[in-house]
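Structure first, then comments.
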Amino acid sequence: MADSRDLTYLTLPLLLSSLLCAGCEEAPQTSATPAEAPPVAVRAMAVQVRPMAARYLTSTRLRAKQRAAVTARTRGVIERFLVEEGQQVPAGAVIVELEQVDQRIELEGARSELLDRKGAWKRNETLYKRGALTEDALRESRLAYHASKQRTARAEVALARTQIKAPFAGQVLLRHADPGARVDDGTPLLDLADVYPLEADVSVPERHIGALQIGQPAFLRGEGELFAAHIARISPAVDTTSGTVKVTLRARHGVRERPGAFVQVAIVTALRSQARVVPRSALVGEGTGWHLFRLRSSVEPSGASPGRGRVERLEVQLGFEDGPWVEVRGDLQPNDLVVTQGAAALAHEGQVVWQPGTPPASDEALTALLRAARGVAPLVSASPARK
């Protein structure tokens with residue numbers, strides 16, 4: 001009988017050989033390519049080109065360019081108002097009349113006296129030339145004439161002051177008295193304001209003043225109305241208490257807002273008329289950077305069938321922002337398709353099925369005004385977006 005150790009030596013190589021052969025049969029299974037992830041359903045839309053602006057935002061109240069309380073310049077009784085609240089009046093127009101009986105009587109007496117004194121002076125000059133009158137008597141008649149002339153002038157002024165005139169062209173805001181009321185010198189009668197154009201004062205931090213200049217465009221939003229304005233004045237002084245500078249904005253003509261209305265203010269500090277923008281939803285943040293996904297090798301949607309393609313990840317830098325739109329700088333061209341919904345679930349070279357996205361609602365009034373702002377000079381323009 002063979003020794004058991006000899007059997008071990010014979011069977012061990014056979015076992016090793018069978019194990020190696022089994023490994024050879026299973027090896028092709030481990031080298032198979034993993035199945036690709038299924039396509040992700042997304043929405044996509046083209047890169048847009050539109051005007052974008054950097055703006056300093058604040059709020060204030062509108063005021064009239066010029067406003068004054070029109071007062072009585074003499075004592076008397078109000079006879080009538082020639083204007084009503086809300087009425088527009090030209091400069092120099094009579095707007096209130098006081099009773100004039102006493103003033104007219106005084107003026108008639110002064111003028112009559114002036115004629116007498118003038119005649120007496122002329123007669124005395126003739127007598128003086130003939131030697132029939134002393135020089136002192138001639139001087140007295142001349143002084144009497146000039147005193148009467150001054151009395152007449154004062155009477156004319158007193159009569160003129162019974163007719164209160166508009167100091168400037170404007171709109172009647174408020175009436176303070178009624179006909180029949182007795183007034184004194186300085187009694188307020190009505191408020192007059194030049195409301196075309198309206199103005200607004202804002203306090204801008206000193207650090208922003210370097211970006212502002214006269215004529216720079218701004219926008220004011222009242223109750224549902226957005227309208228254009230520009231910087232009319234910049235104070236040369238800094239308020240030491242608040243560290244701000246007074247900036248006066250002037251609205252364009254045709255504004256329907258009223259003096260005293262509360263408005264939101266946006267001062268344009270830089271403008272790009274041809275900015276490349278995408279919806280904010282297209283951006284994916286990662287650390288301190290941003291990226292988005294652009295479609296490439298894409299098949300357009302056809303009927304009910306979605307489009308298909310692959311996406312590539314692009315790093316971008318952000319520029320100006322305006323509501324749902326964000327300016328992007330990078331390797332993007334107008335009309336490039338970018339993913340606007342579902343971007344967070346994507347990876348570079350991933351497959352997608354896509355449908356056209358709906359552009360976010362934008363402020364068309366602001367867009368139109370930004371285009372118009374290019375006509376307001378001078379305008380601080382930013383350098384073009386870099387690729």
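A short reminder: the numbers here are calculations on the coordinates, not readings from a lab. Owing to the predicted nature of the structure, the values given are computational and were not obtained by experimental measurement. Backbone-built Cβ (ideal geometry, glycine too); neighbour counts: all protein chains shown.
Results, tabulated for the structure shown:
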item	result
Modelled label reach - Asn335, point 7 Å along Cα→Cβ, segment 283-327 residues with backbone N closer than 17 Å	295-301
Residues Leu143 and Lys246, FRET efficiency given R0 of 56 Å [Cβ-Cβ distance, rounded to 0.05]	0.55
FRET efficiency, Gln355 to Glu315 (Cβ-Cβ, R0 25 Å, nearest 0.05)	0.45
Length-normalised contact order of segment 228-359 in % [C-alpha pairs under 8 Å, at least 6 apart]	22 percent
Order of His208, His253 under a 10 Å beta carbon neighbour criterion, fewest first	His253, His208
Stretch gain in nm, segment Ala153-Arg207, where the contour uses 0.36 nm per residue and the Cα spacing is subtracted	13.7 nm
Sequence-separation-based contact order of segment 101-160, relative, with Cα cut under 8 Å and 6+ spacing, percent	53 percent
Extension gain, Val49 back to Ala347 (0.36 nm per residue minus Cα-Cα distance, nm)	104.6 nm
Gain on full stretching of the segment that runs from Arg308 to Glu286 - 0.36 nm per residue minus C-alpha separation	5.3 nm
When segment 101-160 is reduced to its Cα atoms, the Kirkwood hydrodynamic radius in Å	12.1 Å
Residues with amide H under 5 Å from that of Asp336, placed H, sequence gap 5 or more	Val47
Where a label projected 7 Å from the Cα of Ala177 along Cα→Cβ would reach, residues of segment 85-112 with amide N under 14 Å	95-100
Loop-located GluC sites (Glu not before Pro) in segment 209-261 whose Cβ has at most 12 other Cβ within 10 Å (DSSP)	Glu223
Trypsin sites (Lys or Arg not before Pro) restricted to DSSP loop in segment 212-264 with at most 12 other C-beta within 10 Å	Arg256
Inter-label distance for Thr71 and Lys129, nm, one decimal - labels placed 7 Å from Cα along Cα-to-Cβ	5.1 nm
Sorted by Cβ density within 10 Å, fewest first, the residues Met52, Met45	Met45, Met52
